[in-house]
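Notes to accompany the following structure.
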Amino acid sequence: MNSKITIAVVIAFAAGFALHAAISGGGSQPSSTAGHWKVVNEYNAFIHDPSNLESDSQSGLSYFTPPTDPLPSLAALVAVGELKHKDIVLPEVPKSRETNQFWMRFCENREDIVYALGKRSHVAGKPSGVEPLHLNLWFKRSAEADVKLLIAQLEEFARGELDLNQASRVTRESENRVVPPSPHRDRFIGEWQSEGNTVYVISSQPGGSVTIESGDVSDWVSVVNNVHWEKDVLHFDEYMYYTGQVEIKWPHKPVGDHPFSGVRITSTLSLMSDPDRLRKTILVKDTPQPIVGELERARVDK
């Protein structure tokens with residue numbers, strides 16, 4: 001069995017998701033739970049790194065050759081209750097490029113689905129009819145609802161009730177743009193810009209409430225929630241979601257949603273000595289320091 005994971009088949013999957021991988025070699029197996037997690041995490045890190053891609057000069061295809069087989073360690077983690085394993089055959093769901101892309105995108109967006117494997121039929125000769133989708137999933141207990149959702153969406157697709165291109169988008173957070181009352185709130189009301197572009201609009205609404213919304217960005221929509229005060233500083237979370245139709249090809253992700261779609265941005269707005277300026281800070285996961293800038297109140301033509 002070929003030990004190479006062919007990218008033409010699996011679309012340069014991220015996080016160790018493979019349609020079929022038979023990895024030769026062996027060596028001693030870890031003796032502890034921590035050791036098994038180390039094997040799985042190192043495998044996923046290897047697949048994440050585009051620099052590990054190799055090229056086949058004859059076919060022109062790219063592939064990974066992982067250094068170790070994660071399956072024994074996955075089985076060990078299941079045995080001690082660290083992970084759950086499901087062997088799933090969906091008779092009504094066809095195995096196709098579209099369904100394969102969908103389950104890989106779905107799993108990639110969920111960290112608690114640790115490993116996913118799409119299996120082939122091991123029969124002599126190709127069976128008649130459409131081959132059903134066959135998946136093996138290893139996941140934490142916290143991902144049980146996500147696994148059920150994946151199965152439900154694939155079955156809805158098979159019944160013609162779901163467009164997988166839309167379902168594969170990152171699930172959007174719920175929105176709550178209301179700015180709670182504060183002695184400082186009125187000083188934040190206005191349209192706030194950076195280099196002439198509207199970044200936020202904080203405005204009064206009928207009934208006395210105040211809301212915050214982001215400026216328009218082509219092919220993106222913004223969801224704001226968790227708006228709250230810490231003393232005189234306004235805090236909120238912002239999520240940007242890609243709405244464009246162009247498929248994004250990312251070195252370590254399958255074709256699908258934009259890699260920055262749905263990333264949580266923790267933001268603050270604070271007052272400055274100039275009443276027509278606000279200091280803005282944003283912090284994105286894995287960035288070492290917050291990004292700090294200033295916003296200017298838009299001029300109102302009289």
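Brief remarks follow.
- Taking amide H as placed 1.01 Å from N in the peptide plane, residue 298 has its amide H under 5 Å from the amide H of 191, 192, 193, each at least 5 places away in sequence or on another chain.
- Going from the residue with the fewest nearby Cβ atoms within 10 Å to the one with the most, 88, 291 rank 291, 88.
- When each of 296, 213 is scored by the number of other beta-carbon atoms lying within 10 Å, the sequence from fewest to most is 213, 296.
- When each of 231/285; 86/119; 140/285; 86/285 is checked by Cα-Cα distance, pairs over 20 Å: 231/285; 140/285; 86/285
- Interchain or long-range residues, amide H under 5 Å from residue 119's placed H: 134, 135, 136
- For the stretch 287-297, 3J(HN,Hα) computed residue by residue from phi via the Karplus equation (6.51, -1.76, 1.60; θ = phi - 60°) reads 8, x, 9, x, 9, 10, x, 10, 10, 10, 5 Hz, glycine and proline entered as x.
- Computed P(r) (all Cα pairs; the stretch 185-297; 10 Å bins; percent): 12, 41, 32, 12, 3
- 3J(HN,Hα) couplings calculated from phi for the stretch 192-199 with the Karplus curve 6.51 cos²θ - 1.76 cosθ + 1.60 (θ = phi - 60°) are, in sequence order, 10, 10, 9, 6, x, 9, 5, 9 Hz; Gly and Pro show x.
Laboratory data are not the source of any read-out in this text; all were calculated from the coordinates shown. On a predicted model such as this, the values are computed, not experimentally measured, just so you know. Cβ sites come from the backbone with ideal geometry, for glycine too, and all protein chains shown count toward neighbours.
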